[in-house]
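Trainee: Sharing a structure, written as structure tokens. Questions coming.
The values are calculated or read from the model by the stated rules, or taken from the named source; none is laboratory data. Predicted, not measured: the structure shown is a model, and the values here were computed from it. Cβ placement follows ideal geometry from the backbone for every residue including glycine, while neighbour counts extend to all protein chains displayed.
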């Protein structure tokens, strides 16, 4: 009975965190765009796109929890994407973009929630609530699909209208406007995708480590968890 109550409590806490992530995500994205001096430009940012992916993912995950149904593979895939994309958000913003401009008013808050708070909450959810699984390393390249698509579309758009959502994708001008050449863009892009590969590798490795620790501490759960392994 105590174990059952414990599982119910964890499920309720998981649901609460999922709803919180989804609400903060949707509200922050909306306010960040509305109060932007250039709303259309804001909609082109990877930060906005990735936080929308996270918000939608955790909204549907909340509905699955409420319905007491098993989580579909697509949700599991999107949750892993969320971890990687949010890691890219916090790292890219903190080390490359934070000094590039000042925010005012409500956007000071939404900038913090989109770049720091939501990534941290997504990682906490992964550590505390998500079932750990064994993934094949080929999943790294599946998780990279959207960032690759975003980069290609952004570069193609820039060729036609001269607009690039980030300075490191702009071959024209010098830092902080652009990086001066297509070769420099290529170097930034290679570094970006190398970081994605590293993050994917770390996520898979962390899953394996936490799964091993869980199985070692709870031998009775080993059989159930093995059903969730992804090859």
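Trainee: Scan the range 111-121 and tell me whether some residue there is closer than 22 Å to residue 209 by Cβ, in the same structural domain as residue 27 (by TED's automatic domain parsing), out of contact with any strand residue (DSSP E or B) (no Cβ under 7 Å at 6 or more places or on another chain) and surrounded by 15 or more Cβ atoms within 10 Å (Cβ to Cβ). First the steps, then the outcome.
Mentor: First, pick out the residues of the range 111-121 that are closer than 22 Å to residue 209 by Cβ: 119-121.
Adding the requirement that they be in the same structural domain as residue 27 (by TED's automatic domain parsing) leaves 119-121.
Narrowing the set further to residues that are out of contact with any strand residue (DSSP E or B) (no Cβ under 7 Å at 6 or more places or on another chain) leaves 119-121.
From what is left, the residues that are surrounded by 15 or more Cβ atoms within 10 Å (Cβ to Cβ) are 119, 121.
Yes, there is a match, as at least one residue in the range 111-121 is closer than 22 Å to residue 209 by Cβ, in the same structural domain as residue 27 (by TED's automatic domain parsing), out of contact with any strand residue (DSSP E or B) (no Cβ under 7 Å at 6 or more places or on another chain) and surrounded by 15 or more Cβ atoms within 10 Å (Cβ to Cβ).
Trainee: Go through (1) without any contact (Cβ under 8 Å) to a residue 60 or more places away in the chain; (2) under 24 Å from residue 146 (Cα atoms); (3) not in a helix (DSSP H, G or I) one by one and return the number of the condition residue 37 breaks.
Mentor: Looking at each condition in turn, residue 37 falls short on (2).
Trainee: Further question on the same structure: Of all residues in the range 72-121 being free of Cβ contacts under 8 Å to residues at least 40 places away in the same chain and outside any helix (DSSP H, G or I), which is nearest to residue 62 (Cα to Cα)?
Mentor: Among residues in the range 72-121 that are free of Cβ contacts under 8 Å to residues at least 40 places away in the same chain and outside any helix (DSSP H, G or I), the one nearest to residue 62 (Cα to Cα) is 72.
Trainee: Check residue 221 against each of (1) in contact with a helix residue (DSSP H, G or I) (Cβ under 9 Å, 6 or more places away or on another chain); (2) outside any helix (DSSP H, G or I); (3) surrounded by fewer than 14 Cβ atoms within 10 Å (Cβ to Cβ); (4) at pLDDT below 90 and name the one condition it does not meet.
Mentor: Failed condition: (2).
Trainee: On the basis of being surrounded by fewer than 18 Cβ atoms within 10 Å (Cβ to Cβ), modelled with pLDDT of 95 or more and under 23 Å from residue 52 (Cβ atoms), does residue 149 make the cut? Walk me through how you get there before you give the answer.
Mentor: On the way: surrounded by fewer than 18 Cβ atoms within 10 Å (Cβ to Cβ): yes; modelled with pLDDT of 95 or more: yes; under 23 Å from residue 52 (Cβ atoms): yes.
Answer is yes for this residue.
Trainee: Follow-up question, since we're still on this one. Within the range 122-162, track down each residue that is part of a loop (DSSP other than H, G, I, E, B), in contact (Cβ under 8 Å) with a residue 24 or more places away in the chain and out of contact with any helix residue (DSSP H, G or I) (no Cβ under 7 Å at 6 or more places or on another chain).
Mentor: First pass over the range 122-162, keeping only residues part of a loop (DSSP other than H, G, I, E, B): 129-138, 144, 162.
Among the residues that remain, those that are also in contact (Cβ under 8 Å) with a residue 24 or more places away in the chain are: 129-137, 144.
136 - this is the single residue of the range 122-162 that is part of a loop (DSSP other than H, G, I, E, B), in contact (Cβ under 8 Å) with a residue 24 or more places away in the chain and out of contact with any helix residue (DSSP H, G or I) (no Cβ under 7 Å at 6 or more places or on another chain).
Trainee: Has the range 131-142 got any residue that is closer than 21 Å to residue 12 by Cα and over 13 Å from the mean Cα position of the chain (by Cα)?
Mentor: At the first step, the residues of the range 131-142 found to be closer than 21 Å to residue 12 by Cα are 131-132.
From what's left, over 13 Å from the mean Cα position of the chain (by Cα): 131-132.
Yes.
Trainee: Taking the range 186-199 only, how many residues are in contact with a helix residue (DSSP H, G or I) (Cβ under 8 Å, 6 or more places away or on another chain) and closer than 20 Å to residue 99 by Cβ?
Mentor: In the first step, residues of the range 186-199 are kept if they are in contact with a helix residue (DSSP H, G or I) (Cβ under 8 Å, 6 or more places away or on another chain); the result is 188-189, 192-193, 195-197, 199.
The next check asks that each one be closer than 20 Å to residue 99 by Cβ; those that pass are 188, 192, 195.
The total comes to 3.
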